[in-house]
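J.: Before I ask anything, let me first share the structure, which is written out below as structure tokens.
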Amino acid sequence: MTLVVAGDGAQALAKALCEAGRHPLGHVEFKTFPDGEEYVRILEPVKDEDVVVVQSTFPASRVMKLLLLLNAAKENGARSVRAVVPYLAYARQDRIFQPGESLSVKLIAQIIGLHASECFTVDLHKDESCQLFKIPVHNLSAEEPIAAELKRLRVDSVLAPDSGALPRVQAIARRIGVAHDHLEKTRVSSEVVQMKPKQLDVKGQRVAVVDDIISTGGTIATAVEELLKQGASSVFAVAVHGLFLGAALEKLKRAGVAEILSTDTVPSPYSRISVASVIARAMAERLTASSMR
Ligand code: R5P
């Protein structure tokens, strides 16, 4: 039997995964001690079971509960332990930018690998970070459910806020058969920097700007503002992982965004796009493969 246990950062997603794969959802007791230490207890017996721990790690303090759940499954005799971490914290520090820094994504990869035999995540900040895991890691893409939602919203084009986000945008645009482009910064004068689509004319178009993360909202709010200046009729702000820190939502609204959308890798009132089917499919493939071994 495959038992799914959910951390506090992914309850709805874990439930959806259970429904899709017809797995039972385990019950977990959580406590925080007065000194701030976390406590978890999986209430179902896990001995000789295949356990899948689902926990999103935003805010980053949720990493500890992920590790405790993986550890609880392993220490109580689970036959296999897998980690589903839809949003992996610490992934943006993926190299030593300045001497003396830590390589946080490698550390997280190593710690998860101490307890789990396999890890599923969604739109890791850089795909290359997968190489830092010593266990198989499946960096799944949210492009399919995002494309379906953008099709429903009848967008005419999909834009990346910068060239780094272009491959995702290209894949989404291809799925729905619309144009794509990325925004490019050009210096108009010593004081003025203009940001506009490299080639595409967005005049009168319904445009979606898609990025992996909306954190403080600065990047995508600037993109929204510029696209409206270029004549777009409406601009949708879309992220795989919507963190919406500080004044992010106000910034986006002030910029004139038509709608804010994100996936459920990080639950929020804006996570209307679900990655459950994508994760469920990948999990089913791997569970079937390992049961045949
Ligand atoms: C950057 O590398 C990421 O892809 C996002 O563009 C960035 O994290 C967005 O941050 P913010 O919302 O704070 O502008």
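J.: Give me the three principal axis extents of the stretch 169-293 from the C-alpha atoms, as integers in angstrom, largest value leading.
T.: Largest to smallest, the principal-axis extents are 64, 33, 27 Å.
J.: Roughly how many percent of the accessible protein surface of the stretch 35-92 is carbon and sulfur, given a 1.4 Å probe and a whole-percent answer?
T.: Details: 1210 of 2550 Å².
Taking all protein chains in place, the stretch 35-92 shows 48 percent carbon and sulfur surface.
J.: What relative contact order, as a whole-number percentage, does the chain give when Cα pairs under 8 Å and 6 or more residues apart are counted?
T.: Working: 634 pairs, mean separation 38.2, N = 293.
Here the relative contact order equals 13 percent.
J.: Roughly how many percent of the accessible protein surface of the stretch 109-190 is carbon and sulfur, given a 1.4 Å probe and a whole-percent answer?
T.: Carbon with sulfur: 49 percent of the solvent-accessible area.
J.: Comparing Thr219, Thr186, Thr57, which has the greatest mean-square fluctuation in the GNM of the chain with Cα pairs linked when under 10 Å apart?
T.: In this elastic network of the chain, the residue with the biggest mean-square fluctuation among Thr219, Thr186, Thr57 is Thr186.
J.: So, R0 is 35 Å and r is the distance between the beta-carbons of Leu245 and Ser290; what FRET efficiency does that work out to, to 0.05?
T.: Values: r = 38 Å, r/R0 = 1.09.
The calculated FRET efficiency here is 0.40.
J.: Starting from the alpha-carbon convex hull of the chain, give the projected area averaged over all orientations, in nm².
T.: On the way: hull surface 70.0 nm².
Over all viewing directions, the chain projects a mean Cα-hull area of 17.5 nm².
J.: Right, another one. So what's the angle, to the nearest 10 degrees on a 0 to 90 scale, between helix 63-75 and the longest Cα principal axis of the chain?
T.: Compared with the principal axis, the helix lies near 30 degrees.
J.: Follow-up. Test of understanding: in a Gaussian network model of the chain with alpha carbons linked when under 10 Å, which of Phe97, Phe58, Phe133 would top the mean-square fluctuation ranking?
T.: Phe97
J.: Something else now. So for the chain, taking the charge dipole from beta-carbon charges (+1 Lys/Arg, -1 Asp/Glu), which of Ile111, Pro161, Thr121 sits furthest toward the positive end?
T.: Going by the charge dipole, the pick is Pro161.
J.: Taking all protein chains in place and a 1.4 Å probe, what share, in percent, of the accessible surface of the stretch 232-293 do carbon and sulfur account for?
T.: Numbers: 1480 of 2670 Å².
Carbon with sulfur: 55 percent of the solvent-accessible area.
J.: Same structure again: With springs only between Cα atoms under 10 Å apart, run a GNM on the chain and tell me which of Ser117, Ser141, Ser61 wobbles the most.
T.: In this elastic network of the chain, the residue with the biggest mean-square fluctuation among Ser117, Ser141, Ser61 is Ser61.
J.: Given an 8 Å cut-off on Cα distances and at least 6 residues of separation, report the relative contact order of the stretch 182-256 as a percent.
T.: Working: 128 pairs, mean separation 24.2, N = 75.
Relative contact order, the stretch 182-256: 32 percent.
J.: Taking a temperature of 37 °C and a viscosity of 0.692 mPa s, what whole-number D in µm²/s does Stokes-Einstein yield for the stretch 101-212 with Rh from Kirkwood over alpha carbon pairs? Intermediate values should be presented prior to the final figure.
T.: Values: Rh = 16.2 Å.
Approximately 203 µm²/s, per Stokes-Einstein.
J.: Additional query: Considering only protein heavy atoms, what per residue accessible area in square angstrom results for the chain with a 1.4 angstrom probe? Display every interim value, and only then the final one.
T.: On the way: 14060 Å² over 293 residues.
Per-residue value: 48 Å².
J.: So for the stretch 1-87, Kirkwood radius off the Cα pairs, Stokes-Einstein at 37 °C and 0.692 mPa s: how many µm² s⁻¹? Show your work: numbers first, answer last.
T.: On the way: Rh = 12.7 Å.
So the translational diffusion coefficient is about 258 µm²/s.
J.: In terms of modelled amide H atoms, which long-range or inter-chain residues lie less than 5 Å from the amide H of Phe120?
T.: For Phe120, whose amide H was placed from the backbone, the distant partners under 5 Å are Ala83, Val84, Val85, His138.
J.: While we're here: If amide H atoms are built 1.01 Å from N in the plane of the peptide, which residues on other chains or at least 5 residues away come under 5 Å of the amide H of Ala142?
T.: Asp123
The values are calculated or read from the model by the stated rules, or taken from the named source; none is laboratory data. Computed from a predicted structure; not experimentally measured. Because the Cβ atoms are built from the backbone with ideal geometry, glycine has one as well, and the counts that use them run over all protein chains shown. What goes into the accessible areas is simple: the full protein's heavy atoms, side chains included, and nothing from ligands, DNA or RNA. Shrake-Rupley method; radii C 1.70, N 1.55, O 1.52, S 1.80 Å.
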